[in-house]
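Engineer: The structure that follows is given in the form of structure tokens.
A short reminder: the numbers here are calculations on the coordinates, not readings from a lab. Remember, predicted model here, so these are calculated numbers, not experimental data. Every residue, glycine among them, receives a Cβ derived from its backbone with ideal geometry; neighbour counts consider all protein chains shown.
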There are 2 protein chains.
Amino acid sequence: MAAKPQDPRPSPARGRRSKDTATRILDSAERLVQVRGFNGFSYADVASELGVTTASLHYHFPGKTELGRALIERYAERFAEALAEIETREAEAPARLAAYAGLYADVLRGRRMCLCGMLAAEHGTLAEPIRDRVIAFFDDNEAWLQRVIDGGRADGSMPPGAASREAARLIMSALEGAMLVARPYGDVDRFDAAASSLLATVTRAPSPAA
Amino acid sequence: MAAKPQDPRPSPARGRRSKDTATRILDSAERLVQVRGFNGFSYADVASELGVTTASLHYHFPGKTELGRALIERYAERFAEALAEIETREAEAPARLAAYAGLYADVLRGRRMCLCGMLAAEHGTLAEPIRDRVIAFFDDNEAWLQRVIDGGRADGSMPPGAASREAARLIMSALEGAMLVARPYGDVDRFDAAASSLLATVTRAPSPAA
DNA sequence: GTCTATAGGCAGATAGAC
DNA sequence: GTCTATCTGCCTATAGAC
């Protein structure tokens with residue numbers, strides 16, 4: 001569903017050769033958006049990185065909006081797969097939350113911002129199809145987090161507490177913010193520290209007073 | 001130290017007439033950066049908003065970098081004043097933290113992102129003088145929060161807990177992230193909910209287990 | 001201080017040859 | 001699919017008149 005029908009396979013035999021052009025465009029553009037922002041990169045940047053012309057990019061993605069749309073769709077797809085993988089790998093809610101934070105840390109280690117966090121900052125300048133998908137990404141993340149929290153409370157691995165929806169929103173927002181702030185410092189430790197103290201407060205039992 | 005010597009006052013008698021041009025430029029550019037990002041606005045945007053030409057802007061701020069620098073400096077100055085005002089108005093640490101979060105909520109109500117949060121997202125494309133000042137802004141905020149937390153623990157208005165520096169970083173990062181995420185939704189309530197559950201966890205006593 | 005005029009470059013985008 | 005060539009428009013920035 002990404003960009004083209006493209007079933008009549010091109011030359012590289014589709015086995016495990018070099019990726020096709022559309023994929024390489026997405027890879028390059030994705031990194032550029034995560035590092036420089038959607039308004040901070042151009043077709044020319046991608047083209048020169050790939051050694052092709054901008055006309056070629058326009059063949060695969062007619063406009064910057066379509067490229068952006070494809071970028072988020074692929075990103076959200078991969079993120080969803082990573083979340084599913086966490087659920088099969090980690091049984092308990094606290095470990096799942098820690099692994100979730102680890103996903104963010106991995107992105108940050110590549111000196112990148114979360115794609116959708118970046119687009120959220122620029123949302124005032126984005127076309128509607130892109131805005132909509134940014135929101136859908138956040139909604140999906142929240143829903144997953146909420147399910148994890150509810151599950152953890154049900155099986156006793158998480159203490160009871162405030163509404164799970166609010167907790168889910170806090171976790172996602174705080175991790176996005178921790179990435180945002182850590183990046184100018186070039187300091188992943190700063191993110192890790194924020195993430196672990198966040199998860200510590202969410203995971204620990206509520207105070208006796210509560 | 002903002003932009004010009006400008007002591008030989010111009011026509012408007014400097015009493016309480018319309019603001020001078022440099023100030024009006026800063027006001028317009030500030031809003032544009034907070035809504036659209038530094039790479040999402042142009043001199044032409046500011047000029048048309050003010051009914052002047054871009055050449056006039058270049059007289060006051062030779063380049064976009066100098067404008068950005070002036071923008072942050074003024075923003076940081078005003079933020080510092082707001083923090084000082086909070087300290088005189090609120091005696092106890094929890095109230096001070098709530099007022100701090102209220103500052104962010106006010107910005108968000110104007111449909112704006114924190115200026116430095118926005119610039120942090122774009123930091124990969126910014127000139128060094130701007131990057132440096134973004135970091136300085138965050139450092140100042142963290143230092144203030146840490147002092148508030150330490151003070152609250154000393155006077156008993158805050159429970160003891162993990163390192164105050166980490167707590168300060170978490171608060172600032174989480175509030176920046178809550179703004180970032182809430183803005184595409186156009187939903188200030190979403191921010192308020194995240195802020196209050198954040199402050200609730202920071203303000204409440206640590207768990208019996210801890 | 002603000003203007004007109006303009007330079008010079010880069011942006012996103014398209015037509016049409018190969 | 002990818003290229004060359006080109007368009008139009010916007011961008012930052014400057015020179016010089018008023």
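Engineer: With a point put 7 Å past each Cα toward its Cβ, work out how far B:ARG153 is from A:ARG111 in nm, to one decimal.
Structural biologist: The answer from the label model is 3.6 nm.
Engineer: Now a separate question. Between B:THR53 and A:SER48, what's the calculated FRET efficiency when r is the beta-carbon distance and R0 is 35 Å? Round to 0.05.
Structural biologist: Calculated transfer efficiency: 0.55.
Engineer: Related question: Hey, what does the equivalent ellipsoid look like for the stretch B:129-202, semi-axes from the Cα gyration tensor as sqrt of 5 times each eigenvalue, largest first, whole Å? Please report the intermediate quantities before stating the final value.
Structural biologist: On the way: eigenvalues 108, 74, 12 Å².
Value: 23, 19, 8 Å, ordered largest first.
Engineer: From the label point of B:ALA82, set 7 Å along Cα to the beta carbon, how far off in nm is each other copy's matching point, shortest first?
Structural biologist: Result for B:ALA82, in nm, nearest copy first: 3.2.
Engineer: Using a 7 Å offset from the Cα along the Cα-to-Cβ direction at both B:GLU92 and A:LYS19, what is the distance between the two label points in nm, to one decimal?
Structural biologist: Output for this residue pair reads 5.5 nm.
Engineer: Oh, and also: So for chain B, what are the equivalent ellipsoid semi-axes in whole Å, largest first, each being the square root of 5 times an eigenvalue of the Cα gyration tensor? Spell out each step's value before the answer.
Structural biologist: Working: eigenvalues 257, 69, 46 Å².
In descending order the semi-axes read 36, 19, 15 Å.
Engineer: Dividing the convex hull volume of the Cα atoms of the stretch B:119-163 by its residue count, what figure in Å³ per residue is obtained? It would help to have the intermediate numbers written out before the result.
Structural biologist: Details: hull volume 3.6 nm³, N = 45.
Cα convex hull per residue, to the nearest whole number: 79 Å³.
Engineer: Where the only charges are on Cβ atoms (+1 Lys, Arg; -1 Asp, Glu), what is the dipole of chain B about its Cα centre, to the nearest 20 debye?
Structural biologist: Values: 27 positive and 28 negative charges, 114 e Å.
In debye, rounded to 20, chain B gives about 540.
Engineer: Let me ask something else about it. Mean residue ellipticity at 222 nm from the helices of chain B, using -39,500 (n - 2.57) per DSSP H segment of n ≥ 4 over the full residue count, to the nearest 500 deg cm²/dmol?
Structural biologist: Numbers: 9 runs with 146 residues, N = 210.
About -23000 deg cm²/dmol.
Engineer: Using the Cβ atoms and a cut-off under 14 Å, what net charge is assigned to the surroundings of B:ILE135, where Lys and Arg are +1 and Asp and Glu are -1?
Structural biologist: Numbers: positive: A:ARG183, A:ARG190, B:ARG69, B:ARG131, B:ARG133, B:ARG169; negative: A:ASP187, B:GLU73, B:GLU122, B:GLU128, B:ASP132, B:ASP139, B:ASP140, B:GLU142, B:GLU176.
Computed value for this residue: -3.
Engineer: So the label point sits 7 Å from Cα along the Cα-to-Cβ vector; using that for B:LEU50, what distances do you get to the other copies, in nanometres, sorted shortest first?
Structural biologist: With the label placed 7 Å along Cα→Cβ, B:LEU50 yields 4.1 nm.
Engineer: Given label points at 7 Å from Cα along Cα→Cβ, what nm distances, shortest first, separate B:PRO160 from the same residue in every other copy?
Structural biologist: Ordered by distance, the counterparts are at 2.9 nm.
Engineer: Can you sort A:TYR59, A:TYR100 by how many other beta carbons sit within 10 Å, fewest first? Present the calculation step by step, with values, prior to reporting the outcome.
Structural biologist: Working: A:TYR59 14, A:TYR100 22.
Taking fewest neighbouring Cβ atoms as first place, the list is A:TYR59, A:TYR100.
Engineer: With respect to the symmetry axis carrying chain A onto chain B, which residue of chain A exhibits the smallest Cβ distance to that axis, and what is the value in whole Å?
Structural biologist: Of all Cβ atoms in A, the one closest to the rotation axis yields A:GLY177, 1.
Engineer: Shifting gears a bit: Considering every Cα-Cα pair within the protein assembly as shown, what fraction, in whole percent, is farther apart than 26 Å?
Structural biologist: Details: 51167 of 87990 pairs.
Value for the protein assembly as shown: 58 percent of Cα pairs lie more than 26 Å apart.
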